[in-house]
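Everything on this sheet refers to the single structure shown next.
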Amino acid sequence: MKMNPQITQMDADYSKKDEQTYTIIGAAMTVHSELGNGFLEAVYQEALELEFQARGIPYEREKELLVSYRGTVLKTFYKADFVCFGSVIVELKALDRLSGTEEAQVINYLKASGLQKALLINFGAKSLQYKRLVFNLRESAQSADKAFSGGQQ
């Protein structure tokens, strides 16, 4: 049986349980409060890197994420702005507002990397915007898939 992965947005209470994303968001809030909106994405990326260093947050900048197709690694790859703590993809934007396109990009990063958590952070709005995304196999979705496929030929 093929399992279908689920993408969900983590709720606000999850940040209390997830110290890593909470720490990353705090660093981004500091950068946004210092710089405000209106700069290019590259400015926020550099400033956030300095904030990560100041806070001792382990990170890899512009981390290449390989994509496989039927067991073959493709020459094309994605580049995540950061991977923090070895497990959280951090993708930055500097847009007036986020659309579904940016979220889809991060979902593809999760699929390609095999990692389960990501943050999409937008510095372009007057207030910092962020979305937490998690890529997992939920038991209820697996059960639903099994029930659905059992009734189809």
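The values are calculated or read from the model by the stated rules, or taken from the named source; none is laboratory data. All values reported here derive from a predicted model rather than from experimental measurement. Ligands, DNA and RNA are excluded from the accessible area calculation, which covers all protein heavy atoms including side chains. Shrake-Rupley method; radii C 1.70, N 1.55, O 1.52, S 1.80 Å.
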- Item | Listed residue pairs exceeding 21 Å between alpha carbons, taken from LYS93/LYS131; LYS17/LYS111; LYS17/LYS93; LYS75/LYS111 | LYS17/LYS111; LYS17/LYS93
- Query: For region 65-108, which whole-number percentage of the solvent-accessible area (1.4 Å probe, protein heavy atoms only) is attributable to carbon and sulfur atoms?
  - Reply: 52
- Please give the solvent-accessible surface of GLU19 in Å², to the nearest 10, using a probe radius of 1.4 Å with every protein chain present. 110
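Work out, step by step, the length gained on full extension between GLU64 and GLU34: first 0.36 nm times the residue separation, then minus their alpha carbon distance; give nm to one decimal. Please report the intermediate quantities before stating the final value.
Working: separation 30, 0.36 × 30 = 10.80 nm, distance 2.90 nm.
Stretched out fully, the GLU64 to GLU34 stretch lengthens by 7.9 nm.
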